[in-house]
Amino acid sequence: MEPTQTTPLLGSVVSRRHHTHVADRRQRDEPESSGSSTSSLDLKDEHLLKTDANDDLQDDEPPPFKFSDYIFRSRKRSAPPVDHDAIATRRSVYDDPVLAKHYWPNPDYESIHRFDPNARWTFREEKDLLRKIDWKVMLWAAIGFSALNLDRGNLTHANSDNFLPDLGMTTDDFNLGNSIFRFTFLCAELPSQLISKRLGPDRWIPIQMCMWALVTAGQFFLNGRTSFLVTRALLGLCQGGFIPILILYLSYFYTKTELPFRLALFWISSNVCGIFASFLSFGVLHMRGVAGQAGWRWLFLVEGSITLSIGIATFFKMPPSPTQTKTWFRPNGWFNDREETIAVSRVLRDDPTKGDMHNREGLSFKRIWLAIGDYDLWPLYIACVPILSMGNAAKLTMARPVG
């Protein structure tokens with residue numbers, strides 16, 4: 001079992017308590033605030049004058065996706081037909097004149113120019129937008145996650161091709177390498193996420209992928225125990241924090257009811273990648289003797305090259321936000337103005353705290369301490385310890401003895 005990502009501290013920053021969030025909003029709305037916040041406040045005041053026409057809003061939460069309903073479609077026949085042209089906009093704090101000003105997005109929020117609390121959209125428009133996001137954002141995120149699992153699992157495949165005898169190592173060396181990888185992996189979690197918040201996930205994710213791809217391909221040149229342990233440490237440092245950063249990126253596009261099902265597909269892609277990696281390893285390991293090199297060396301080189309190609313492409317496939325898809329190599333962008341307004345407004349209506357920060361804004365010590373003090377997540381941290389321990393113990397028994 002591969003190392004499991006720890007719950008990101010960034011998540012608890014986004015889910016800070018209600019009273020703290022409102023207090024921050026009230027401080028921001030004090031008369032002394034000026035400059036760039038003026039236009040935001042004007043838009044806010046304009047919105048408060050239009051909060052009477054909210055009778056067309058949806059009050060019910062969207063039903064969760066169920067595989068049973070999808071498989072047994074006959075159950076849906078008894079349900080009332082859905083009017084795809086009806087208003088799909090759901091009620092939120094922005095429809096309350098008292099609460100709206102306390103939850104207004106930060107003036108530096110990258111998509112505030114598309115946020116319109118008075119915007120209304122239909123189920124058909126939302127469905128079409130979601131389909132586009134799934135194909136353009138979610139699909140590439142799954143490909144990136146598959147690249148991670150491709151490189152995390154290749155050591156096990158390499159070990160089936162006389163990896164240890166060729167390097168003059170024992171199973172103890174193999175297990176030590178795995179332990180070092182996990183240690184550096186966990187140590188890199190928080191620093192990696194802090195870097196991501198400062199640079200932006202759209203920049204840091206492809207940088208991470210390219211870094212660990214080069215280390216993976218560099219294992220072609222392993223010559224003994226020392227080089228093996230060094231590359232294990234480097235891989236852990238490069239890969240740490242990747243999954244929570246990728247999930248944070250997806251939260252820019254999806255609501256809280258849409259993301260769980262996408263994450264389920266996200267993890268399914270890991271198993272699909274494992275099947276693909278096994279077939280790929282079977283073929284590559286038969287290259288033993290090509291250019292006088294062992295098959296496991298070619299395995300590291302080939303899979304590292306695949307990940308490097310995906311990492312380079314990711315620089316061009318991950319826009320910073322729904323409103324920043326237009327660039328020199330994509331002049332028309334992915335969404336039109338109407339779709340950008342829907343994408344931003346529905347996400348903020350679902351979770352107003354997503355407008356608290358710019359997507360390239362670093363975390364202050366105060367915010368980090370606030371996350372550490374979120375005691376609601378402490379049981380989750382504690383529960384992860386035995387899970388990680390059992391996974392590591394199972395993994396360490398997989399190396400076959402030599403001699």
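Taking amide H as placed 1.01 Å from N in the peptide plane, Q58 has its amide H under 5 Å from the amide H of T89, R90, R91, each at least 5 places away in sequence or on another chain. On a per residue basis, region 180-269 carries 36 Å² of accessible surface, using protein heavy atoms and a 1.4 Å probe.
Taking all protein chains as shown and a probe of 1.4 angstrom, V344 keeps an accessible surface of around 0 Å².
Legend: P(r) of region 230-270 from all alpha carbon pair distances, 10 Å bins from 0, whole percents, reading 25, 42, 24, 9, 0. Give me the Debye-computed log₁₀ of I(q)/I(0) at q = 0.09, 0.11, 0.19, 0.20 Å⁻¹ for region 96-233, equal point scatterers on Cα only, no solvent, two decimals. Computed log10 I(q)/I(0) values: -0.49, -0.65, -1.22, -1.29. On the basis of the beta-carbon distance and an R0 of 41 Å, D116 and I268 show a calculated FRET efficiency of 0.70. Close amide H pairs (under 5 Å, H built 1.01 Å from N) link G333 with T327, residues at least 5 positions away or on another chain. For region 157-306, what class follows from the C-alpha gyration tensor (a ≥ b ≥ c being the square roots of its eigenvalues): rounded when a/c is under 1.5, otherwise prolate if a/b is larger than b/c, else oblate? Prolate shape, in that a/c is at least 1.5 and a/b is the bigger ratio.
Taking all protein chains as shown and a probe of 1.4 angstrom, V137 keeps an accessible surface of around 10 Å². Principal axis extents of the C-alpha atoms in region 233-385 (largest first, rounded to whole Å): 59, 47, 29. What a 1.4 Å probe finds exposed on region 199-318 is 75% carbon and sulfur by accessible area, rounded to a whole percent. Electrostatic bookkeeping for D166 treats Lys and Arg as +1 and Asp and Glu as -1; over the other residues with beta carbon under 13 Å from its beta carbon, the sum is +1. Taken one residue at a time, the phi angles of region 352-357 give Karplus couplings (6.51, -1.76, 1.60, θ = phi - 60°) of x, 5, 6, x, 5, 10 Hz. Gly and Pro are set to x.
Highest mean first, the peptides 176-183, 150-157, 276-283 sorted by other C-beta atoms within 10 Å per residue fall in the order 150-157, 176-183, 276-283. The heavy atoms of F261 offer some 60 square angstrom of accessible surface to a 1.4 angstrom probe. The amide H of T122, built 1.01 Å from its N in the peptide plane, has A88 as neighbours under 5 Å, considering only residues 5 or more places off or on other chains.
With a 1.4 Å probe rolled over the protein heavy atoms of all chains, the accessible area of E61, E361, E189 falls in the order E61, E361, E189, largest first. Here the ratio of the Cα radius of gyration of region 238-327 to 2.2 N^0.38 Å is 1.43.
The values are calculated or read from the model by the stated rules, or taken from the named source; none is laboratory data. Computed from a predicted model, the values in this text were never measured in an experiment. Methodologically, a virtual Cβ is constructed for each residue, glycine included, from the backbone with ideal geometry; neighbour enumeration extends over all protein chains shown. Surface accessibility is based on the protein's heavy atoms, side chains included, excluding ligands, DNA and RNA. Shrake-Rupley method; radii C 1.70, N 1.55, O 1.52, S 1.80 Å.
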